[in-house]
Every structure is written in C-alpha cells, then in structure tokens.
Amino acid sequence: ILSMTGFSSLSVMLPVKEGLNVTMTLKSLNSRYFEFNAKLPFSLSKLELTLMRYFKSKLHRGNVSFSLYISNPSLLSHPIEPDFSLISQYINSVKLIKEKHAIIGDLEIKDLIRLPNIFLIKEEPIEDNITNNIMFHIEKMVESLIETRILEGKAIGQDLLNRILLI
C-alpha cells in the first residue's frame, strides 16, 4: 500500500557568486488524478513544465504542490533601471493636466520617484549548471517524499489488518 500523502523539504546553498540560498517544499495529498501546483521565482518559471512532467512520472497520482523560495534573489537580478517609456508617459500626462486645468507648478524628481512602476528590476536567466543542481536536489526530495508515502502506506496497511482481525 502506497499512501498519496507525503511531505519533503530541503534548504540548500547553491554555488553561485556569494551563494544562493534555496528552500524547497514538496507535498502531495490524496487526489484521484495528478494535479500540480508550483510556486517559483520568475527566473525559474521555465522549469515549471519540466517539474510537472518529472513529478507526474515519479508520483503518478495526487495533488502535488511544490514551492521554491530564493532568500537572496538579488544574486540573480540586474541593477535597477528606470522605465523611460513610462516616465515619459507620466510627464506627458502631467503636462496635459496642467494645460487642461491651468495648474501652475513644476514636476520635480521627488514627484517622479513616488510614481508606481517607474523602475524595472530585471532578473537574469539562471544558468544550466544551477538548474541542474536544483533538479538534483529535487530528485532527492522526491525520494524522501516517496519514503514518507511508503511509511504511511505501511501504517494504513497495518490499520486495515487490525480492523480485519477485529471483525
């Protein structure tokens, strides 16, 4: 008997620049079919389909949830850059407002930096060796989750046997 309920978590430091701290959790719950939900940082979003296929091949059924959290995502991002296109749109809109309503005053930098989304933070795609390292640890997590499913399955089997003996 193999239970569909299991849990596994892992925190590792990957060898990237100053070290990339990654925390992953994997859980599966009872479900008639295979269902998958992933919470990944943007820089790892390309892995979602690969993860879904991998988990389905190993776990077959269940409601599987996987989350990956990077505690220092700044290691994967570029410096902050202004969104000049959006800033130009804000400035033109302010000019129109001033003209239409005869408002006096100048737009200053302190006013601009308060506006939403005027800065962009771009994330770099993760290198293949980091992705492979993450997948290696995910494989270990799946093995651990399967072990918990086996242990729970044995407990369920023993419970069934005890109930049969009582009958």
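The values are calculated or read from the model by the stated rules, or taken from the named source; none is laboratory data. If you're wondering where the values come from, they're calculated on a predicted model, not measured in any experiment. With ideal geometry, Cβ positions are generated from the backbone for all residues, glycine too; neighbour counts draw on all protein chains shown. These area figures cover heavy atoms from the full protein model, side chains too; ligands, DNA and RNA do not enter into them. Shrake-Rupley method; radii C 1.70, N 1.55, O 1.52, S 1.80 Å.
In table form, for the structure just shown:
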read-out: Where a residue in the range 89-117 is free of Cβ contacts under 8 Å to residues at least 24 places away in the same chain and its partner, wherever it lies, is assigned to a helix (DSSP H, G or I) and of a type in the set (A, V, I, L, M), with Cβ under 6 Å and at least six apart; value: 107/94
read-out: Unique residue being touching a Leu at 6+ places or on another chain (Cβ under 8 Å), surrounded by 13 or more Cβ atoms within 10 Å (Cβ to Cβ) and at pLDDT 90 or above when the list is 52, 24; value: 24
read-out: The range 136-167 - residue that is within 19 Å of residue 30 (Cα to Cα) and among the charged types (D, E, K, R) and, of those, least open to solvent (accessible area, probe 1.4 Å); value: 149
read-out: Criterion (in contact (Cβ under 8 Å) with a residue 40 or more places away in the chain, out of contact with any Phe, Trp or Tyr (no Cβ under 9 Å at 6 or more places or on another chain) and surrounded by 12 or more Cβ atoms within 10 Å (Cβ to Cβ)) met by exactly one of 3, 31; value: 3
read-out: Residue match in the range 59-70 (condition: in contact (Cβ under 8 Å) with a residue 12 or more places away in the chain, over 19 Å from residue 5 (Cα atoms) and surrounded by fewer than 17 Cβ atoms within 10 Å (Cβ to Cβ)); value: yes
read-out: Residue 103 touching a Phe, Trp or Tyr at 6+ places or on another chain (Cβ under 8 Å) and either charged (D, E, K, R) or surrounded by fewer than 11 Cβ atoms within 10 Å (Cβ to Cβ) (or both); value: no
read-out: Filter pass, residue 130 being surrounded by 13 or more Cβ atoms within 10 Å (Cβ to Cβ), over 25 Å from residue 63 (Cα atoms) and in contact (Cβ under 8 Å) with a residue 60 or more places away in the chain; value: yes
read-out: Candidate set from the range 117-127 (those that are surrounded by 13 or more Cβ atoms within 10 Å (Cβ to Cβ) and of a type in the set (Val, Ile, Thr)); member that is modelled with the lowest pLDDT; value: 126
